1. Between Leu79, Leu117, which is in contact with a Ser or Thr (Cβ under 7 Å, 6 or more places away or on another chain) and in contact (Cβ under 8 Å) with a residue 12 or more places away in the chain?
2. How many residues are surrounded by fewer than 22 Cβ atoms within 10 Å (Cβ to Cβ) and under 14 Å from Glu18 (Cα atoms) if we restrict to the stretch 59-69?
3. So if I check each of Leu157, Leu137, Leu164, which one is within 18 Å of His76 (Cβ to Cβ), under 16 Å from the mean Cα position of the chain (by Cα) and of a type outside the set (Val, Ile, Thr)?
4. Against the definition (surrounded by 20 or more Cβ atoms within 10 Å (Cβ to Cβ), out of contact with any Pro (no Cβ under 6 Å at 6 or more places or on another chain) and hydroxyl-bearing (Ser, Thr, Tyr)), how does Tyr142 come out, yes or no?
5. Return the residues of the stretch 114-152 that are of a type in the set (Ser, Thr, Tyr), assigned to a loop (DSSP other than H, G, I, E, B) and within 12 Å of the ligand (Cβ to nearest atom); say none if nothing qualifies.
6. In this structure, does Gly111 turn out to be on the phi > 0 side of the Ramachandran plot, outside any strand (DSSP E or B), more than 11 Å from the ligand (Cβ to nearest atom) and modelled with pLDDT of 95 or more?
7. Here are some conditions: (1) away from the ligand (no atom under 16 Å from the Cβ); (2) under 13 Å from the mean Cα position of the chain (by Cα). Leu68 meets all but one. Which one does it not meet?
Amino acid sequence: MSILVRNETVEDLNQVREVLIQAFDNREDEALLVERIRRAPEFVPELSIIAQSSDGEIIGHLLISEALVIEGDKQHTVLVLAPLAVKPSHQKSGVGTLLMEEGLRRSHELGYAAVMLIGHPSYYPRFGFKPGRVYGLELKQYDVPDDVFMVCELNGLNGVTGELRYPESFEGV
Ligand SMILES: CC(C)(COP(=O)(O)OP(=O)(O)OC[C@H]1O[C@@H](n2cnc3c(N)ncnc32)[C@H](O)[C@@H]1OP(=O)(O)O)[C@@H](O)C(=O)NCCC(=O)NCCS
């Protein structure tokens with residue numbers, strides 16, 4: 001099956017919502033998160049990406065948006081990746097990989113230093129993610145195991161360390 005990976009457009013929004021709800025066990029939380037980010041200053045339109053099958057069905061979605069790393073009185077803009085979703089009917093056939101590769105390629109091209117995420121340590125390292133501690137980065141906002149906070153360097157952190165803060169859109173997630 002040929003799969004098109006492209007930018008999300010306004011016409012796609014209902015189908016993207018459906019992908020998110022189906023991928024996350026019929027919960028609405030991730031769909032609402034994406035809707036909040038789209039309206040927020042951290043939204044980067046080029047980094048809301050969909051996968052579409054040859055019959056036009058949207059089968060996957062990836063959102064990468066801006067966040068801050070706080071280092072003393074300095075703030076550094078980085079990217080956070082969330083959520084990544086593939087319809088259950090199309091999982092394990094490489095769709096997530098296509099979205100990840102395109103998302104990271106675009107993020108690199110846009111000149112960002114790094115992409116960070118909270119995710120499964122058996123999935124993301126294959127795309128170049130390493131535990132945040134490797135770079136001296138911390139995540140205090142969420143009480144999660146150390147190895148699920150991961151970082152992929154793009155154009156280089158150049159010594160940036162500190163604490164990642166997810167924006168307000170993520171509150172309650
Ligand atoms: C995680 C997800 C995006 C992967 O997409 P996908 O299209 O199925 O992934 P791919 O086909 O590119 O890659 C398949 C690989 O991912 C692994 N994988 C799939 N889901 C996984 C998960 N939840 N945790 C760990 N590994 C997972 C598979 O075991 C497979 O590994 P292998 O290549 O070593 O056999 C998809 O399963 C999904 O939408 N899951 C529900 C939502 C979710 O958990 N999103 C991620 C958190 S934001």
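1. Working: Leu117 fails: in contact with a Ser or Thr (Cβ under 7 Å, 6 or more places away or on another chain).
Result: Leu79 is the single residue among Leu79, Leu117 that is in contact with a Ser or Thr (Cβ under 7 Å, 6 or more places away or on another chain) and in contact (Cβ under 8 Å) with a residue 12 or more places away in the chain.
2. Of the residues in that region, 0 qualify.
3. Working: Leu157 fails: under 16 Å from the mean Cα position of the chain (by Cα); Leu137 fails: under 16 Å from the mean Cα position of the chain (by Cα).
Testing whether each residue is within 18 Å of His76 (Cβ to Cβ), under 16 Å from the mean Cα position of the chain (by Cα) and of a type outside the set (Val, Ile, Thr) leaves just Leu164.
4. Values: surrounded by 20 or more Cβ atoms within 10 Å (Cβ to Cβ): no; out of contact with any Pro (no Cβ under 6 Å at 6 or more places or on another chain): yes; hydroxyl-bearing (Ser, Thr, Tyr): yes.
Judged against the criteria, Tyr142 is not a match.
5. Of all residues in the stretch 114-152, those of a type in the set (Ser, Thr, Tyr) come to 122-124, 135, 142.
Keeping just the survivors that are assigned to a loop (DSSP other than H, G, I, E, B) gives 122-123, 142.
Passing the criteria: Ser122, Tyr123.
6. Working: on the phi > 0 side of the Ramachandran plot: yes; outside any strand (DSSP E or B): yes; more than 11 Å from the ligand (Cβ to nearest atom): yes; modelled with pLDDT of 95 or more: yes.
The answer is yes for Gly111.
7. Going through the list (1) away from the ligand (no atom under 16 Å from the Cβ); (2) under 13 Å from the mean Cα position of the chain (by Cα), Leu68 breaks only (2).
The values are calculated or read from the model by the stated rules, or taken from the named source; none is laboratory data. If you're wondering where the values come from, they're calculated on a predicted model, not measured in any experiment. Positions of Cβ are backbone-derived with ideal geometry, glycine not excepted, and every protein chain shown enters the neighbour counts.
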